[in-house]
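Let me begin by presenting the structure, written as structure tokens, before commenting on it.
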Amino acid sequence: QVQLVESGGGLVQAGGSLRLSCAASGNIFRIFKINAVGWYRQAPGKQRDLVAAMTSGVSTNYADSVKGRFTISRDNAKNTVYLQMNSLKPEDTAVYYCNADLSTSSGSFNYWGQGTQVTVSS
């Protein structure tokens, strides 16, 4: 099957930048369409919310709280989704999860990364 492995989280000061990566591994050759990819985050005591998403048509949408600061992108050659986070604020502190809706030879499935912690200090 396909697995999503996240990296790039860590501790950063307010105003700093961080880039999260989400790499697909496993039976990648079984993927014949990426329907959508996205990043979600869950802060302590909060629900998991959408941060940024990109459809198969490369259309993007962002949560209002991150517009102008975060950018989602894909590198199909590397089977990787990125979230570039600039001008980070303490309220961005959360566990970030990548998500992908993929069409494979076995059907269409929704996959989640394991989560990576982002902590922004004031």
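Please name all residue pairs, on different chains or six or more residues apart, with Cβ atoms under 6 Å, provided the first residue is in segment 102-120 and is under 30 Å from LYS89 (Cα atoms) and the second residue is of a type in the set (Ser, Thr, Tyr) and open to solvent by less than 70 Å² (accessible area, probe 1.4 Å).
TRP112/TYR97; GLY113/TYR97; GLY115/TYR97; THR116/TYR96; VAL118/TYR96; THR119/THR93; VAL120/THR93
Which one of SER65, SER73 is open to solvent by 40 Å² or more (accessible area, probe 1.4 Å) and either touching a His at 6+ places or on another chain (Cβ under 6 Å) or outside any strand (DSSP E or B) (or both)?
Numbers: SER73 fails: either touching a His at 6+ places or on another chain (Cβ under 6 Å) or outside any strand (DSSP E or B) (or both).
Checking each option against the conditions leaves just SER65.
Which residues, taken from segment 96-117, are assigned to a strand (DSSP E or B), surrounded by fewer than 19 Cβ atoms within 10 Å (Cβ to Cβ) and not hydroxyl-bearing (Ser, Thr, Tyr)?
Scanning segment 96-117 gives ASP101, GLY107, PHE109, ASN110, TRP112, GLN117.
Return the residue satisfying two criteria in turn: it lies in segment 43-62 and is part of a strand (DSSP E or B) and either in contact with a Lys or Arg (Cβ under 7 Å, 6 or more places away or on another chain) or β-branched (Val, Ile, Thr) (or both), and of such residues it is surrounded by the fewest Cβ atoms within 10 Å (Cβ to Cβ). Steps first, answer last, please.
Our first condition is that a residue be part of a strand (DSSP E or B); within segment 43-62, this holds for 49-55, 60-62.
Add one more test, that the residue is either in contact with a Lys or Arg (Cβ under 7 Å, 6 or more places away or on another chain) or β-branched (Val, Ile, Thr) (or both), and what stays is 49, 51, 54-55, 60.
On the way: ASP49: 12, VAL51: 23, MET54: 19, THR55: 14, THR60: 14.
Among those residues, the one meeting the criterion is ASP49.
Out of segment 13-28, which residues are of a type in the set (S, T, N, Q) and assigned to a loop (DSSP other than H, G, I, E, B)? Please lay out each step first, then the result.
First pass over segment 13-28, keeping only residues of a type in the set (S, T, N, Q): 13, 17, 21, 25, 27.
Across segment 13-28, the qualifying residues are SER17, ASN27.
Based on this model, can you work out whether TYR40 counts as aromatic (Phe, Trp, Tyr), open to solvent by 20 Å² or more (accessible area, probe 1.4 Å), modelled with pLDDT of 95 or more and assigned to a strand (DSSP E or B)? Talk me through it step by step, then tell me what you get.
Details: aromatic (Phe, Trp, Tyr): yes; open to solvent by 20 Å² or more (accessible area, probe 1.4 Å): yes; modelled with pLDDT of 95 or more: yes; assigned to a strand (DSSP E or B): yes.
Against the criterion (aromatic (Phe, Trp, Tyr), open to solvent by 20 Å² or more (accessible area, probe 1.4 Å), modelled with pLDDT of 95 or more and assigned to a strand (DSSP E or B)), TYR40 qualifies.
The values are calculated or read from the model by the stated rules, or taken from the named source; none is laboratory data. A quick note: this is a predicted structure, and the numbers were derived from the prediction, not measured. Every residue, glycine as well, gets a Cβ built from its backbone with ideal geometry; the counts of neighbours run over all protein chains shown. Each accessible area value is taken on the protein alone, full model and side chains, heavy atoms only, with ligands, DNA and RNA left out. Shrake-Rupley method; radii C 1.70, N 1.55, O 1.52, S 1.80 Å.
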